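All of the numbers you see were taken from the coordinates with simple rules; none came from a lab. Everything numeric here is computed off the predicted structure, so don't read it as measured data. Reconstructed Cβ throughout: ideal geometry from the backbone, glycine too, with neighbour counts over all protein chains shown.
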Amino acid sequence: MKLLFAIIKDDDVDNVIGALTADNFRVTRVASTGGLFRKGSTTLLIGVDDEQVEPAIALLRKTTTAVANEQKRATVFVVPVSRFEQL
């Protein structure tokens, strides 16, 4: 299992979350600012099985937009999860 931390622009959040949930990905939204984009951004926490990592990242690529002079659409960290429980 992996945990994806996806930091995306606020403008893309609704499209991204809609697409992820439509494809049955579970998403937790955390508001954030500054840091990597120095603008309004949102961090999404997405828990996926190992084989779902690439489809999830492909969906992020498809649903985020590039800024005119910037090529980065999002910053995504893929972190291994050694244990997962829902309580």
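Do the sum for the chain: with -39,500 (n - 2.57) for every DSSP H run of n ≥ 4, divided by all residues, what is the mean residue ellipticity at 222 nm, to the nearest 500 deg cm²/dmol?
The helix-only estimate for the chain comes to -7000 deg cm²/dmol at 222 nm.
Only Lys, Arg, Asp and Glu count, each charged at its Cβ (+1, +1, -1, -1), so figure out the dipole size of segment 2-80 about its Cα centre, rounded to 20 debye.
300 debye
By per-residue mean of other Cβ atoms within 10 Å, what is the highest-first order of 46-52, 20-26, 2-8, 81-87?
In decreasing order of mean packing, 46-52, 20-26, 2-8, 81-87 become 2-8, 46-52, 20-26, 81-87.
So which aspartates and glutamates pass the test for residue 9, namely a Cα distance under 19 Å, with those fewer than 8 places away in the same chain ruled out?
Hits, sequence-local ones excluded: 70.
Count charges around residue 74 for me, please; just the other residues with Cβ under 10 Å from its Cβ, Lys/Arg as +1, Asp/Glu as -1.
Local net charge: +3.
If the elastic network links every pair of Cα atoms under 10 Å, which of 74, 19, 58 fluctuates the most in the Gaussian network model of the chain?
58
Which of the aspartates and glutamates could a cross-linker bridge to residue 72, judged by Cα under 20 Å and excluding same-chain residues fewer than eight apart?
10, 11, 12, 14, 54
What is the fewest-to-most order of 63, 75, 28 by other Cβ atoms lying within 10 Å of their Cβ?
28, 75, 63
Can you give the three extents of the C-alpha atoms in the chain along their principal axes, from longest to shortest, in whole Å?
40, 23, 19
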